[in-house]
Amino acid sequence: MKISPSRQVKGEIEIIPVSGFRGIGKFIDVPWRLYADDPLWVPPLRLERRLHLSRFNPYFRHAQWQGWIACRDNQPVGRISAQIDELYQQRYGTDTGHFGMLESIRDEAVFSRLIQVAESWLVERGVRQISGPFSFSINQECGLLVQGFDTPPVFMMPYSPEWYTSLLEQNGYQPCKDLLAYWLVTDFDPPPAMQAIDRKYRHQIRIRPLQRNRFNEEIETMRDIFNDAWSDNWGFVPFTQEEFAELGSSLRWLVPDEFIQIAEIDGRPVAFMAVLPNLNEVLPALNGKLLPLGWLHLISKLKSASITTGRVPLMGVRKQFHHTLVGIALAFKVIDAPRKMVKSRGIGHVELSWILEDNQSMRAILEKIGGREYKRYRIYDKTLA
């Protein structure tokens, strides 16, 4: 039975805790039932989702979670997770926790029951400040879509119906922080001001692609830059070595070396940017399956340059260069170098996401080169009694 988000299903609501292999599978399947008739939803790979929820996810070296499925008449009508991250608590207090992976039919009772069960689980573990959605952390998918419902999400970005916002606010949640996605045409001419800054520092800054023969070392270099660059940002939690290495394993087979550019000053890596092909152009045809032939379809699309959009999920300039002209030059150079490469591969547009709403310096750079804000995601929080 397929259930669209707006369909009302009569009967008592049953909240089922997720456990075991089969339980995880049912939890993963919920969005397929809710978004069966939604043309903008992009089905993820089931295998990737199962690994994300498994003990092999390095996030669980420092975090715990619980998931629940809401059912009516034995039919799934929603799901939610609650999680506690020790690394987050070390920075922001031991009374903090998160919710995420929230999906529900358009039903106030179902939505509220899901929120309540997540809150109760967190309160039992000493949490008084809850925020989300995070699936599972700020370094993964996060935020509730609040603007930009006319286009599908790009790879590794969340999706949610427009009415989630009102139901979450009805349950006492307040807006906490907005995260922006910018859309950039790769075929742009650098503005005169950027060209002047580039000329000023071009002999000081060296740009190079990822060196695959030193892949593990390069991934660790990128992690070090990212953790330093983002360390003062709102909600920052450092990537552990294991977490970034797992991300690196995805980059290894998803992107050519030139899609990752590293900037050096005096031989020291100080900035980088990575571009991913937007696999969400391909995933709808796979409907979550890599077997028996889905992986061949995916690889052929990657090699044939038939993917026309991309996403920049990772970028960083070391903190010592923030708010300086050389920092602007570094940001521009690590944007410009891979831009030329992806353009040559047929990628005409890229999403840069996400950017904190109050990160005015980065927003100014993106807008100077023609980027436009086209989606907005929101983190909500609430103080629990």
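The values are calculated or read from the model by the stated rules, or taken from the named source; none is laboratory data. Note that the structure is predicted; figures quoted are calculated from it, not measured. Ideal geometry is used to build each Cβ from the backbone, glycine not excepted, and the neighbour counts take in all protein chains shown. We work out accessible area using only protein heavy atoms, side chains counted, and drop any ligands, DNA or RNA first. Shrake-Rupley method; radii C 1.70, N 1.55, O 1.52, S 1.80 Å.
Beyond 22 Å, what percent of the Cα pairs of the stretch 1-103 remain? Walk me through the numbers on the way to the answer.
On the way: 1956 of 5253 pairs.
The answer is 37 percent, as a whole percent.
Whole number please: convex hull volume per residue, Cα atoms of the chain, in Å³. Can you show the working numbers first?
On the way: hull volume 52.5 nm³, N = 385.
Looking at the chain, the number lands at 136 Å³ per residue.
Over all alpha-carbon pairs of the stretch 44-144, lay out the pair-distance distribution in 5 Å bins, whole %, shortest bin first.
All Cα pairs considered, the percentages come to 2, 13, 22, 24, 20, 12, 6, 1, 0.
Distance from the Cα centre of the stretch 337-379 to that of the stretch 195-267, in angstrom?
Answer, in whole Å: 17.
Cross-link partners among aspartates and glutamates for Lys289, C-alpha distance below 18 Å, same-chain residues fewer than 8 apart left out?
Partners found: Asp29, Glu48, Glu281.
Measure nothing but the geometry: give the 0 to 90° angle between the long axis through the Cα atoms of 325-344 and the longest principal axis through the Cα atoms of the chain, rounded to 10°.
The angle comes out at about 80 degrees.
Taking only C-alpha pairs under 8 Å that are 6+ residues apart, what is the relative contact order of the stretch 208-282 in percent?
Here the relative contact order equals 35 percent.
I'd like the Kirkwood hydrodynamic radius of the stretch 222-294, using the inverse of the mean 1/r over distinct C-alpha pairs, in Å.
Working: mean 1/r = 0.0680 Å⁻¹.
It is 14.7 Å.
Which net charge results when you count Lys and Arg as +1 and Asp and Glu as -1 among the other residues whose beta-carbon is under 14 Å from that of Val317?
On the way: positive: Arg268, Arg318, Lys319, Lys333; negative: Asp224, Asp228, Asp232, Glu264, Asp336.
It works out to a net charge of -1.
Non-local amide H neighbours of Val270 (under 5 Å, H modeled in plane, Pro and chain starts lacking H): which ones?
Ala263, Glu264, Ile265
Within the stretch 27-56, name every residue whose backbone N is under 15 Å away from a label modeled 7 Å from Cα of Phe21 along the Cβ vector.
Residues passing the 15 Å test: 47, 50-51, 54-56.
With a cut-off of 8 Å between alpha carbons and a minimum separation of six or more residues, what is the relative contact order of the stretch 156-293 in percent? Kindly include the intermediate steps, with their values, before the conclusion.
Values: 80 pairs, mean separation 31.2, N = 138.
Normalised by residue count, the contact order of the stretch 156-293 is 23 percent.
What is the angle, in °, between the Cα long axis of helix 294-303 and the longest principal axis of the Cα atoms in the chain? Nearest 10 is fine, range 0 to 90.
20 degrees
Which value results when the Cα radius of gyration for the stretch 87-152 is divided by 2.2 N^0.38 Å? Numbers along the way, then the final one.
Numbers: Rg = 13.6 Å, N = 66, 2.2 N^0.38 = 10.8 Å.
The value comes to 1.26.
So how exposed is Glu281, as accessible area in Å² (1.4 Å probe, rounded to 10)?
My reading of the accessible area for Glu281 is about 80 Å².
Any chance you could look up the accessible area of Arg363 with a 1.4 Å probe, heavy atoms only, rounded to 10 Å²?
Answer for Arg363: close to 40 Å² accessible.
Classify the stretch 119-179 as rounded, prolate or oblate, taking a ≥ b ≥ c as the square roots of the eigenvalues of its Cα gyration tensor: rounded when a/c is under 1.5, otherwise prolate if a/b is larger than b/c and oblate if not. Mind dumping the intermediate values first?
Values: a/c = 2.56, a/b = 1.55, b/c = 1.65.
The shape class here is oblate.
From largest accessible area down, sort Phe321, Phe21, Phe56; use a 1.4 Å probe on the protein chains.
Values: Phe321 25, Phe21 150, Phe56 125 Å².
Solvent-accessible surface, decreasing: Phe21, Phe56, Phe321.
Give, as a single signed number, the net charge of other residues whose beta carbon lies under 13 Å from the beta carbon of Asn233, with Lys and Arg counted +1 and Asp and Glu -1. Spell out each step's value before the answer.
On the way: positive: Arg91, Lys177, Lys319; negative: Asp228, Asp232, Glu357, Asp358.
That sum, taken over residues with Cβ under 13 Å, equals -1.
Over all alpha-carbon pairs in the stretch 226-385, figure out the percentage whose distance exceeds 24 Å. Each step should come with its number before you reach the end.
Values: 5431 of 12720 pairs.
Considering the stretch 226-385, 43 percent of its Cα-Cα pairs are separated by more than 24 Å.
Among Gly126, Gly248, Gly371, which one shows the biggest mean-square fluctuation in a GNM of the chain, springs joining Cα atoms closer than 10 Å?
Ranking Gly126, Gly248, Gly371 by mean-square fluctuation puts Gly126 first.
Ordering Ser112, Ser353 by accessible area with a probe of 1.4 Å, largest first, what comes out? Write out the running numbers ahead of the final one.
On the way: Ser112 30, Ser353 5 Å².
These residues rank, largest area first, as Ser112, Ser353.
Give, as a single signed number, the net charge of other residues whose beta carbon lies under 11 Å from the beta carbon of Asp95, with Lys and Arg counted +1 and Asp and Glu -1. Numbers along the way, then the final one.
Working: positive: Arg125, Arg128; negative: none.
Residues close to Asp95 contribute a combined charge of +2.
A 24 angstrom limit on the alpha carbon distance is what I want to check against. Which of Lys177/Lys375; Lys177/Lys333; Lys319/Lys375; Lys340/Lys368; Lys200/Lys343; Lys200/Lys368 exceed it? Please list the in-between numbers first.
On the way: Lys177/Lys375 14 Å; Lys177/Lys333 28 Å; Lys319/Lys375 27 Å; Lys340/Lys368 17 Å; Lys200/Lys343 26 Å; Lys200/Lys368 18 Å.
Violating the 24 Å limit, Cα to Cα: Lys177/Lys333; Lys319/Lys375; Lys200/Lys343.
Can you list the equivalent-ellipsoid semi-axes of the stretch 342-385, largest first and in whole Å, using the square root of 5 times each Cα gyration tensor eigenvalue?
Details: eigenvalues 179, 40, 11 Å².
Sorted largest first and rounded, they come to 30, 14, 7 Å.
Probe 1.4 Å, all protein chains in place: accessible area of Trp230 in Å², nearest 10?
50 Å²
For the chain, what is the relative contact order in percent, using Cα pairs closer than 8 Å and at least 6 residues apart in sequence?
Numbers: 695 pairs, mean separation 84.6, N = 385.
Result for the chain is 22 percent.
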